[in-house]
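S.K.: Here it is, the structure in full.
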Amino acid sequence: MNYSPDRAALSLRNKVGYSSKLISIEISNSQGKRYGEGDINPLIVHSAWTHTIDRVARGKGTQSSPQIQTKDGETIWFGEMPALGEHQSIATLGRDKSEMAAFLLMPLLLPEDNGGAHGGHLRIVMSHHSYFDPAVKQRIEDQILGRHQFTRNGREVDVIVDSVELVPEGVGAYWLASELNQLKSGYTLSIEIGYRTVEVWLLDDAGEPIKGEPIQFGVFNLASAISSDDEVRTALLGTTDTPKTVKDTQIAIALKQGKIAKIKDQQWEAIKTRHLERWKDDVIGMIFSQHEAILTQAEQILFSGGGAMLLRERLLKANPNFWVDSDAQTASVRGSYYHFLSLA
């Protein structure tokens, strides 16, 4: 199935007097995020989906677990609810998110983006870890520019993306810290802790990225450790003597929701505390062992992403030069929006 938009619609953009609506978008292995003009709160949609007809028929679309129906009549259910059963994701398909940008954008576009003062015209800011790769930028532009038509939970979405700005994944947290007057002068290390990767960027005192790289280390490591914990396996599977496994996606959702079925709240808190302490040490150890040379140049280290949200209090206590926003999970997508809004 080809989810590329109608590129012919681009010819309309110079024939109308609309100014494009600015929306910041992040697509990732675990979650899609959106924050834009008119949004009261960021939207987060789990980056898992199912096409299975009986599951879709039994399910109900919500804002964060939407059901999308394409122009070809295909129905796709995104979000946490599909993630709890058999599902597909970027990881299961073994593909880069830039190859599926248009598909992953769908659950992050809303009926409210249609028409209005902007005439359904959008300006998208999108992050990617391969910021310096022109092939990635071209792939994203080829898929995102143009017209996107589908229904979301039964309501029509019909928009035209006029432009796409590619930004380094996680660097939006730097722009948010600047917006909140939390930046120190000098070079800054920006670290986005995602589900499967950690994005590390060194920025100069003007906020320009000097170098960066993704590291295969993220919340997945924490979720996998917890899913292998004998206490968790006994509670969820009834025994440790079984080839059956606890899914890491089930643990990841439980970490976000603060609870998990079959484990009492107090017991779950004790399990989380034990593993978060170990993981915090692993994260800090990884940073200082792999980025020692960069750290000598950085005056401040900014953390963002879902992993930083889980570790926020622990990181702030660990080092006075660490900064973590109170909503670290959406810090980067919000920061990118504020930055490009200031440039308009």
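All of the numbers you see were taken from the coordinates with simple rules; none came from a lab. Keep in mind that what you see is a predicted model, and the values were worked out from it rather than measured. Ideal geometry is used to build each Cβ from the backbone, glycine not excepted, and the neighbour counts take in all protein chains shown.
S.K.: Considering only DSSP beta bridges with both partners in the stretch 171-332, what is the antiparallel share in %, to the nearest 5? Don't jump to the answer; show the numbers that get you there.
M.R.: On the way: 13 of 22 bridges.
If we restrict to bridges inside the stretch 171-332, about 60 percent are antiparallel.
S.K.: For the chain, set up a GNM with springs between Cα atoms under 10 Å and report which of H128, H87, H46 has the largest fluctuation.
M.R.: Highest fluctuation among the options: H87.
S.K.: Which of rounded, prolate, oblate describes the stretch 7-168, given a ≥ b ≥ c as roots of the alpha-carbon gyration tensor eigenvalues and a/c under 1.5 marking rounded, otherwise prolate only if a/b is larger than b/c?
M.R.: Values: a/c = 1.77, a/b = 1.28, b/c = 1.37.
Judged from the Cα gyration tensor, the stretch 7-168 comes out oblate (a/c at least 1.5, b/c at or above a/b).
S.K.: What fraction of the DSSP beta bridges in the stretch 43-176 is antiparallel, stated in percent and rounded to the nearest 5? Display every interim value, and only then the final one.
M.R.: On the way: 16 of 24 bridges.
So the antiparallel bridges in the stretch 43-176 amount to around 65 percent.
S.K.: Separate question: Dividing the convex hull volume of the Cα atoms of the stretch 171-332 by its residue count, what figure in Å³ per residue is obtained? Show your work: numbers first, answer last.
M.R.: Values: hull volume 17.2 nm³, N = 162.
Cα convex hull per residue, to the nearest whole number: 106 Å³.
S.K.: Just to be sure I understand: of the beta bridges DSSP finds with both ends in the chain, what percent are antiparallel, rounded to 5? The partial results should precede the final answer.
M.R.: Working: 38 of 60 bridges.
Here the antiparallel bridges make up roughly 65 percent for the chain.
S.K.: If you don't mind, another one. Could you check how many percent of all C-alpha pairs in the chain are farther apart than 38 Å? Spell out each step's value before the answer.
M.R.: Numbers: 10161 of 58996 pairs.
Looking at the chain, the distances longer than 38 Å represent 17 percent of pairs.
S.K.: For the stretch 262-344, what class follows from the C-alpha gyration tensor (a ≥ b ≥ c being the square roots of its eigenvalues): rounded when a/c is under 1.5, otherwise prolate if a/b is larger than b/c, else oblate? Spell out each step's value before the answer.
M.R.: Numbers: a/c = 2.94, a/b = 1.35, b/c = 2.19.
In terms of gyration-tensor shape, oblate.
S.K.: What distance in nm separates the simple spin-label points at E86 and D72, each placed 7 Å from Cα in the Cβ direction?
M.R.: Label-label distance for E86 and D72, simple model: 2.1 nm.
S.K.: Can you divide the C-alpha Rg of the stretch 33-124 by 2.2 N^0.38 Å and report the result to two decimal places?
M.R.: Working: Rg = 13.9 Å, N = 92, 2.2 N^0.38 = 12.3 Å.
Taking N as the residue count of the stretch 33-124, the ratio is 1.13.
S.K.: Using only alpha carbon pairs under 8 Å that are at least six residues apart, calculate the relative contact order of the stretch 37-136 and give it in whole percent. Please report the intermediate quantities before stating the final value.
M.R.: On the way: 96 pairs, mean separation 24.4, N = 100.
24 percent.
S.K.: Now for a separate question. When the dipole is taken about the Cα centre of the chain, and only Lys, Arg (+1) and Asp, Glu (-1) are charged at their Cβ, what size is it in debye, to the nearest 20? Each step should come with its number before you reach the end.
M.R.: On the way: 36 positive and 43 negative charges, 168 e Å.
Rounded to the nearest 20 debye, it is 800 debye.
S.K.: Can I ask one more? For Y131, what charge total do you get from the other residues with a beta carbon under 10 Å from its beta carbon, if Lys and Arg give +1 and Asp and Glu give -1?
M.R.: On the way: positive: K137; negative: D133, E169, E199.
Summing Lys/Arg as +1 and Asp/Glu as -1 gives -2.
S.K.: Ok, one more. Under a GNM of the chain (C-alpha, springs under 10 Å), which listed residue has the highest mean-square fluctuation: E80, E199, E299?
M.R.: Judging by the Gaussian network model, the answer is E299.
S.K.: Quick check: residue separation of Q257 and E179 times 0.36 nm, minus the Cα distance between them. What number comes out in nm? Show your work: numbers first, answer last.
M.R.: Numbers: separation 78, 0.36 × 78 = 28.08 nm, distance 2.89 nm.
That works out to 25.2 nm of additional length.
S.K.: Check each of the chymotrypsin sites (Phe, Trp or Tyr not before Pro) in the stretch 169-254 and keep only those in coil by DSSP with at most 12 other C-beta atoms within 10 angstrom; list them in order.
M.R.: Values: sites: Y174, W175, Y187, Y195, W201, F217, F220; in loops: Y195, F217.
Sparse-neighbourhood loop chymotrypsin sites (Phe, Trp or Tyr not before Pro): none present.
S.K.: Between the stretch 59-82 and the stretch 22-52, what is the separation of their alpha carbon centroids in Å?
M.R.: Taking the Cα centre of the stretch 22-52 as reference, the centre of the stretch 59-82 is 13 Å away.
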